[in-house]
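The values are calculated or read from the model by the stated rules, or taken from the named source; none is laboratory data. Remember, predicted model here, so these are calculated numbers, not experimental data. Virtual Cβ from ideal backbone geometry, glycine too; neighbours counted across all protein chains shown. Ligands, DNA and RNA are stripped out before the accessible areas are found, and what is left, the full protein with its side chains, is counted by its heavy atoms. Shrake-Rupley method; radii C 1.70, N 1.55, O 1.52, S 1.80 Å.
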Amino acid sequence: MRLKDYFIELLKEHGIDSISTSLKLISRDPIQQMAVYVANGKANVCRGSEGKAFKLNGEPVSEAKAFVGDCSNAVFGRDELIERTEGFPYVVIDCQFYDLHSKKEKSKVKTQLRATLGVIRDFMWDDRLAITGKKIQEFERFYSESTASFIKEKNFDRVILLDPNAEEVYSGEKADCFIIGGIVDKTGNKKGWTSKIGRDLEREGIDFTSAKILLRGDTIGVPDRINTIAEMVLLTVLDGIEVEEAIRRVQSNLVARWRLKKELPKITKRLDSKRPFRFVLKSDFRKFDWLNLSYRDFLEVCRQMDYIVVDDSLFEIIQKFEFDEVKGAYKA
Ligand SMILES: C[S@@+](CC[C@H](N)C(=O)[O-])C[C@H]1O[C@@H](n2cnc3c(N)ncnc32)[C@H](O)[C@@H]1O
């Protein structure tokens, strides 16, 4: 469940079946955004209609029963909404290595933090984000001194550190707190930095699990931006989506193509003629429906790898040629 689902429950209990606001709406989901305004303590739910109006399923209407804004006799506000929620995790971005990044990387970390806040607001509200280890301009209000002190203060039961170098594989387990490294890998070698966060936690006596997100056994194809990791986890734990599907939903074409480059050599076939070549079948594209790829992406990767894409009917003819088991090739 997302925050808006609890918001809708509460509205219905108060006999409200449509909601409006004159506050700025920038999200694709106006009801979630109104719920965030309330949970952030920026507005209450009041009787009457103001600004843009929606049914609770997000469809626009001309007028609503209530509005999200400012009034003296609110129907409900932040406390009643937050009390109602359960099972929302905290997302901690550990930025202790911020100063070790280049100027360009620092700017990327900030861009990803902004996007992560956007993700947090798509599912929950601002209180659920913490940025530890470094007070970064623009994000001061999310700052906590260290991940360990934040965890101790909140007294969490179950903590998961998302670490691409962990032994365990993440398969959708829920937790009170998910830790992501505030790390951008553009220059230098930052391999293993997330595990250093884990070693700090061990030193502080914190009980946690490190887990890596894999796509069919490999980190290649798993987007590694801070915000995409947060989104995958929240899609899994709050929307109940399987990890593989969550990865596919946040995967960029570029990341999907990297993975395709790793997969294609496993399925190509060889034809030894005057000019030997490797080929794949048009229908092989369907084998990769677990990657966020268009048929054009598939053709482009085959072109880059010098594989010919042959029609399946042509392959029926090739199969009649002699097959050399040692070379693993058809002979024309
Ligand atoms: C760009 S990655 C940095 C990884 C870093 N170079 C390392 O080797 O630890 C940023 C953060 O995203 C998370 N992350 C990225 N890919 C992940 C994966 N496949 N599994 C788990 N966490 C991942 C980690 O929390 C990591 O600290």
- Coil-residue chymotrypsin sites (Phe, Trp or Tyr not before Pro) of region 290-332, DSSP, other Cβ within 10 Å capped at 11: none
- Too long for a 20 Å Cα-Cα cut-off, among Lys190/Lys262; Lys190/Lys261; Lys174/Lys212; Lys108/Lys134; Lys274/Lys320; Lys103/Lys186, are Lys190/Lys262; Lys190/Lys261
- Item | Whole-Hz couplings from phi, Karplus 6.51/-1.76/1.60, listed for region 207-212; x for Gly and Pro | 8, 7, 10, 9, 9, 9
- Message: Leaving ligands and nucleic acids out of the surface, order Asp99, Asp200 by accessible area at 1.4 Å, largest first.
- Response: Asp99, Asp200
- Check Ala329: other-chain or 5+ apart residues with amide H under 5 Å from its amide H, H built from backbone geometry? Asp324
- Item | For region 1-139, alpha-carbon Rg and Dmax in angstrom | 17.1, 54
- What are the GluC sites (Glu not before Pro) within region 205-283 that DSSP puts in a loop, where the Cβ has at most 13 other Cβ atoms within 10 Å? Glu242
- Item | Principal axis dimensions, largest first and in whole angstrom, of region 90-251 by Cα | 35, 35, 30
- Query: In Å, the Kirkwood hydrodynamic radius of the chain over pairs of distinct alpha carbons?
  - Reply: 22.9
- Here the relative contact order (percent) of the chain, from C-alpha pairs under 8 Å and at least 6 apart, is 13
- Centroid-to-centroid separation of region 223-293 and region 18-67 [C-alpha atoms, Å]: 38
- Item | Surface/4 estimate of mean projected area, convex hull on alpha-carbon atoms of region 255-331, nm² | 5.2
